[in-house]
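Notes to accompany the following structure.
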Amino acid sequence: MTQPLEPGRFFLPGPTEVHPDVLAAQTGPMIGHRGQAIQDLFASIEAGLKPVFQTERPVIVSTSSASGLMEAAVRNAVIDGKVLSLVNGAFSGRFAKIAASCGFEVDRFDVEWGQVHDPQAVAERLDTGGYDAVTLSHSETSTGALQDLEAIAGVVRASDETLLLVDSVTGIGGAETRTDDWGIDFILTGSQKALALPPGLAFGVANEAMLERSAKAPAKGWYFDLVDLHDQISMHQTPATPAVSLLYALDHQLKRMAEETMEGRWQRHAGMQARTFEWVDEMRQRGHDVAVFAAEGHRSPTVSCIAIEQPGRVVSELFSRGWVVGGGYGKIEDTTFRIGHMGDHTLGELNELLDVITAVMA
Ligand SMILES: *Cc1c(COP(=O)(O)O)cnc(C)c1O
């Protein structure tokens, strides 16, 4: 087995570092997936998840990775219309691929990697009509770009026929996200990113419009039927056996998150993001050819993609010193690396990491 790293050194943009107490919580005893014990557990989890999503609605808990709920999103939202996929990186591109692989007609709206979509341009596309759904990645983990979710939700809401499906896998839990206030039809995340849990669970919130559409969706399948998932979680149950051990970890982590408050969490992430940009400026002043990849003003507080020469050397040199960051992803693999400053990481840990990167680059 590989040697465990010292705590505070694992900055992969997913899976992220998990607190030892959260890991330990997984060793609770097995309980059946029907009955009072699991219902009590789900009741406690529900109370913790609502503020995370800023919703009053039930939060669906799926035993799958986040991609499972991305597939659920399109299969429940699309009947006979088209899908408009906003693509600005690898994960938003995956959302388009998932929709196409389900047999739906997909119009890709591509902008350059590192950029985000102009809400007005999205509105113009929607004006042409015929779209059952829009897909997007809130925080594009391959580039570190953050879509203006509130504004895009506003333009999609103006269209009666079109539902907004949001992959917020590296958004929720780190970036301010207001599901109810922003009128998002379906939003999902996974356990192993900004929530700092082990991989294996995904979470989503479907509004009434989404559930009405789902009720009519002809080929949504059984496992990812959002009406069923929604109805059952409303009664603190799931249709199929949930990953009980992960639920224990989730319940524990949600209590830790409640202590910090969501506002506190958003601020901590914003602070780590600001420090990363400051460090990039410092390195540039020292003559290094380094830059933040995503467009200024449209950057995610959870992950920074850094353009640099020979990123592979930096990543492997860090690893040999006992630190993990993410390599570049997709077509920018050879020109960037990524720092996942999300989950439970602190500014202090980030500063230590940046000092080590500085030394590696010297
Ligand atoms: C990690 C990630 C995914 C995929 O999540 P899985 O849990 O691996 O299925 C999708 N979208 C974004 C933005 C991600 O960061």
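Shown for segment 20-259: the carbon plus sulfur share of the solvent-accessible area, taken with all protein chains present and a 1.4 angstrom probe, equals 50%.
Spin-label model, Lys255 to Ala240: label points 7 Å out along the Cα-to-beta-carbon direction sit 3.0 nm apart. Residue ranges 27-35, 69-77, 220-228 sort as 69-77, 220-228, 27-35 when ordered by packing (mean number of other C-beta atoms within 10 Å per residue, highest first). One-quarter of the Cα convex hull surface for segment 155-211, in nm²? Seen from a random direction, the Cα hull of segment 155-211 projects 4.1 nm² on average. With Rh defined as the Kirkwood radius, the inverse of the mean 1/r over Cα pairs, the Rg/Rh of the chain is 0.97. Structural size metrics of segment 79-164, computed from C-alpha coordinates, are Rg and Dmax of 11.9, 33 Å. How large, in Å, is segment 220-362 by the Kirkwood hydrodynamic radius built from its alpha-carbon pairs? Mean inverse Cα-Cα distance, inverted, gives 17.8 Å. Rounded to whole Å, the principal axis extents of the Cα atoms in segment 241-314 read 53, 28, 19, largest first. Mean residue ellipticity at 222 nm, helices only, the chain: -13000 deg cm²/dmol; runs of at least 4 DSSP H residues each add -39,500 (n - 2.57), and the sum is divided by the number of residues. The convex hull of the Cα atoms of segment 57-117, projected and averaged over all directions, covers 5.1 nm². Once the Cβ-Cβ distance of Glu212 and Asp281 is raised to the sixth power relative to R0 = 30 Å, the FRET efficiency obtained is 0.05.
Spin-label model, Ala362/Glu161: points 7 Å from Cα along the beta carbon direction are separated by 6.3 nm. The charge dipole of the chain, taken about its Cα centre with unit charges on the Cβ of Lys, Arg, Asp and Glu (plus for the first two, minus for the last two), comes to roughly 740 debye.
Packing, as the average of other Cβ atoms within 10 Å across residues, places the peptides 91-97, 171-177 in the order 171-177, 91-97, highest first.
Pairs exceeding 24 Å between alpha-carbon atoms, taken from Lys97/Lys193; Lys97/Lys220; Lys50/Lys82; Lys50/Lys216: Lys50/Lys82; Lys50/Lys216.
The values are calculated or read from the model by the stated rules, or taken from the named source; none is laboratory data. Computed from a predicted structure; not experimentally measured. Glycine also receives a Cβ, built like all others from the backbone with ideal geometry; neighbour counts cover every protein chain displayed. Accessible surface areas use protein heavy atoms only, side chains included; no ligands, DNA or RNA. Shrake-Rupley method; radii C 1.70, N 1.55, O 1.52, S 1.80 Å.
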